[in-house]
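Visitor: Pasting a structure below so you can have a look.
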Amino acid sequence: MLCLHDSIRDDDPAVQRRLRAVEDAPSLTAVIMAAWQVARVRTVHRVEAVLAERARRPSAWPRGPQCGGALRRKGFAPRQVTSRLGPLRWRRRVGRCPRGGAIPPVAPLDGTLGVPPQQRTSGALQHLGCALAVLVPLATAARWLGWSSGGTVSPQAVWGWVQAAGQRAMQTLQEHLPALAHGDLPGPEALAADLAAAPWVLGADGVMVPLRPTGGQPTGKTRWQAITGGVFARLGQHRTRTGKVVTRL
């Protein structure tokens, strides 16, 4: 029986090149980085194999959104989505309106997978980009995403993801505010017993922030305004390796 290393070497020339890069890497850092590329590519192959197997299963075809008739099957069409693992490519069944309606092709598998028709990047990659954008500049977040996915991510793409996430958050907020006004409070999140018993701590501070006198216009005298920020935390305890009990937020 061939070992995993031999089976990988015989499967794909692209993987062979990456395996040779692992063997030829001069330093530990280079070995780890090259091995990560091998693991990423093999995982992509596995995910694509799962998608190909699901695409061969029988599909439940929806009705046409305009005419209400059964969609006309048009065979398999390619789809590509950039994920945290890199580009994922697969083929799935598509259908069109039987009366020639001006609607894009419908792919039942896309709906099952939760992938919108025009989406080019996975939700997981967008979520990671938004989280990084909170902590680092957009260009740095895009560079980190490119390193992890093996592709290229532009700062403009991260900016668009952040804007879309903000719009969804504001829409959710607007949907919840009427219920809150009627006394329908959101349910509290579950907490561990020891965390729920820990005392609350409130910290607050103020800072002066320069603002433009007219929104969107760089001219005019700067207006300085006080901004107050606060944080709520639980005051817990942690035992160090030496056995000392210290306070931790």
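Visitor: Tell me which residues come under 5 Å, amide H to amide H, from LEU88 once H is placed; ignore anything under 5 positions away on its chain.
Guide: VAL81, THR82, SER83
Visitor: In segment 43-198, what percentage of the DSSP-assigned beta bridges are antiparallel, given to the nearest 5?
Guide: 90
Visitor: Then there's this: Which ³J(HN,Hα) values, rounded to whole Hz and listed in residue order, are derived for segment 215-227 from phi using the Karplus coefficients 6.51, -1.76 and 1.60 in 6.51 cos²θ - 1.76 cosθ + 1.60 with θ = phi - 60°, glycine and proline given as x?
Guide: Those phi angles translate into x, x, 10, x, 8, x, 6, 5, 9, 9, 9, 7, 10 Hz.
Visitor: What FRET efficiency would be calculated for the residue pair ARG17, ARG120, taking the C-beta separation as r and a Förster radius of 22 Å, to the nearest 0.05?
Guide: After rounding to 0.05, the efficiency reads 0.25.
Visitor: Ordering HIS176, HIS45 by accessible area with a probe of 1.4 Å, largest first, what comes out?
Guide: I get HIS176, HIS45, largest accessible area first.
Visitor: Hey, got a sec? Which trypsin sites (Lys or Arg not before Pro) in segment 159-249 land in a DSSP loop and have at most 16 other Cβ atoms within 10 Å?
Guide: Here the sparse-neighbourhood loop sites are LYS221, ARG241, LYS244.
Visitor: What number do you get for the chain when its Cα radius of gyration is normalised by 2.2 N^0.38 Å, N = residues?
Guide: In units of the globular-protein estimate, the chain measures up at 1.45.
Visitor: Next question. Could you give each residue of segment 104-121 its phi-based ³J(HN,Hα) in whole Hz, using Karplus coefficients 6.51, -1.76, 1.60 with θ = phi - 60°, and x for Gly or Pro?
Guide: After applying 6.51 cos²θ - 1.76 cosθ + 1.60, I find x, x, 9, 10, x, 5, 4, x, 5, 7, x, 10, x, x, 9, 6, 10, 10 Hz.
Visitor: Using the Kirkwood radius over Cα pairs, work out the Stokes-Einstein diffusion coefficient for segment 180-221 at 4 °C and 1.567 mPa s, in µm²/s as a whole number. All intermediate terms of the calculation are to be shown ahead of the outcome.
Guide: Working: Rh = 16.0 Å.
Translational diffusion coefficient: 81 µm²/s.
Visitor: Something else: Starting from the Kirkwood radius over alpha-carbon pairs of segment 26-130, derive D by Stokes-Einstein at 20 °C in a medium of 1.002 mPa s and give it in µm² s⁻¹.
Guide: Diffusion coefficient, whole number: 136 µm²/s.
Visitor: Counting only heavy atoms of the protein chains, get the accessible area per residue of the chain (1.4 Å probe) and round it to a whole Å² value. Numbers along the way, then the final one.
Guide: Details: 17850 Å² over 249 residues.
About 72 Å² of surface per residue is accessible.
Visitor: How large, in percent, is the carbon and sulfur part of the accessible surface of the chain at a probe radius of 1.4 Å?
Guide: 58
Visitor: Related question: Working with all protein chains in place, sort LEU88, LEU113, LEU28 by solvent-accessible area computed with a 1.4 Å probe, largest first. Could you put the intermediate results ahead of the total?
Guide: Numbers: LEU88 20, LEU113 55, LEU28 130 Å².
Largest accessible area first, the list is LEU28, LEU113, LEU88.
Visitor: Quick check: pseudo-label points 7 Å beyond the Cα along Cα→Cβ at LEU195 and LEU235, how many nm apart are they?
Guide: Distance between label points: 1.9 nm.
The values are calculated or read from the model by the stated rules, or taken from the named source; none is laboratory data. A quick note: this is a predicted structure, and the numbers were derived from the prediction, not measured. Note that each Cβ is placed from the backbone with ideal geometry, even for glycine, and that neighbours are counted across all protein chains shown. For the accessible areas, the whole protein counts, side chains as well, though only heavy atoms, and no ligand, DNA or RNA atoms are used. Shrake-Rupley method; radii C 1.70, N 1.55, O 1.52, S 1.80 Å.
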